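Coordinate-derived values only; no laboratory data. If you're wondering where the values come from, they're calculated on a predicted model, not measured in any experiment. Cβ placement follows ideal geometry from the backbone for every residue including glycine, while neighbour counts extend to all protein chains displayed.
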Amino acid sequence: MAAQKNEEFGVIRDCVDSFHRVTGLGALVCAPEGNVLFETGRHCRACTLCANLDQPEDVCVVARAQAWREAERFGGKYIYACPMGLTCIATPVQTELDVIADITVGPFLMVDEEDFVTCELESRTQDEEKLRAARESLQSIPRVAPEQAEPIARQLFLSVGGTGKSFRIGDLLARQGASSLMGSLSDFTEREKQEENPASAYPILIERDFLEAIAAYDRARAEELLNELLGHIFFLTGGDFSRIRARILELLVLSSRAAIEAGADETQILALCEECVGQMGSIYDVDKLCYWLIGALKRFFGCLFDRVSGAEQNPMPRVLAYLRRNSARRITLEEAAEQAHLSPSYFSRMFRARTGKTFSDYLTRLRVEHAKRLLKQPELDMAQIAAQTGFYDQSHFTRAFKNVTGYTPGVFRRRRERGFDELKE
């Protein structure tokens, strides 16, 4: 293990030295605990500007540590202003979930020197001797054009941050995806807080729609509903990590069952589910949970939706997705059979064997599920909803809806308005 670490650090040192020779920027490489591993060029600790203006060194140490943490959270690179107002770049050298080193490149100057002196230095001291010494120190600081900072940061991460043995481009994408997911969850929470009647109960109906989207192999719809479910989970649990993890595990089990019932490979899905349960047991904070969740969902959806194409592919996923997309219009058995490239009679038997429902019953349930979502919109009357969900008229809509749910559409809408989410079917 020690030999492997030494080899990795040797590679990191070579990459950092090469980066310095190409860009002219100094770099400081530290262990995750903060102790310096090695340094090159005119790096952060070699900057004398702080000493000239009596800035304590520990302030810079704290700023570097905070920047490293932000770089880990936001996709592997972070451009920030040091306590003196100069610019630095932080990046971690990371494996899948571990950081083996942290790098700070800089400082460098991105603004006009006189503007920097006026806005930064003179605001800190009026002592002429200190300002003179600070100006002299500033002469040794590299200059970087503002438009070059982002490309330099990206190159730093790709050439140096990715030298860990277990690094993969997928890790970068997962971390960026986790950052995006956390942002979406935060936005959802803020929106709910501002609502006059924020969500107060777990959305069973949305969960059912999500599981049905999985059964219909509708990936876009499944991902959309999953994001909404995660928003509710994070909001309703109040950030309680143990409850968040329990809800996600429950959702994982339900999703696996729906996928298997829809024809996904049972062995593959169960193995993935078992692996995910084991991994979640070692995660104890929301940041890492979001990072893990992005990777797990990508693998789960890939296992479920990235099916083999051609004659060997089960035609049902394609047919079910087609029905969901077109349920608002008249669809005949013959039209659906054409999607499967089968005769209507054979398709009818296969459809019932695979779904447990006749073609007409399944299509009616799809339309009822669509109608449930439209009933949340008070501006739509029953005739409009009937027209938008593929029913012949309002009378046909009412009969079909009651047969499926046990309620007329009007009663269903009123009960939802009073907060009854869990309606029997």
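What to note about this one:
- Multiplying the residue separation of Gln55 and Asn326 by 0.36 nm and subtracting their alpha-carbon distance yields 90.9 nm.
- Zone of Arg373's modelled label, taken as backbone nitrogen in region 317-333 under 20 Å from a point 7 Å along Cα→Cβ: 317-331
- Each principal axis of the Cα cloud of region 316-417 was taken in turn, and the coordinate range along them, longest first, works out to 43, 22, 21 Å.
- Note that region 391-404 has calculated 3J(HN,Hα) couplings of 7, 5, 7, 5, 5, 4, 4, 4, 5, 5, 4, 5, 4, 7 Hz, one per residue in order, obtained from phi through the Karplus relation 6.51 cos²θ - 1.76 cosθ + 1.60 (θ = phi - 60°); glycine and proline are x.
- Over 23 Å between alpha carbons, listed pairs Lys372/Lys402; Lys77/Lys130; Lys298/Lys376: Lys77/Lys130; Lys298/Lys376
- Contour excess over end-to-end distance, with Cα ends at Asp361 and Glu274 and 0.36 nm allotted per residue: 27.9 nm
- Protection proxy ranking of 118-126, 203-211 - average other beta-carbon atoms within 10 Å, highest first: 203-211, 118-126
- The alpha-carbon positions of region 13-91 define a convex hull whose volume is 91 Å³ per residue.
- A Förster radius of 22 Å combined with the Cβ-Cβ distance from Val111 to Ala65 puts the calculated FRET efficiency at roughly 0.30.
- Pairwise FRET efficiency - Arg416 versus Thr267, Cβ, R0 = 41 Å, nearest 0.05: 0.55
- With each label modelled as a point 7 angstrom along the Cα→C-beta vector, the Glu33-Glu335 pair spans 6.9 nm.
- Multiplying the residue separation of Ser123 and Arg135 by 0.36 nm and removing their Cα-Cα distance gives an extension gain of 2.9 nm.
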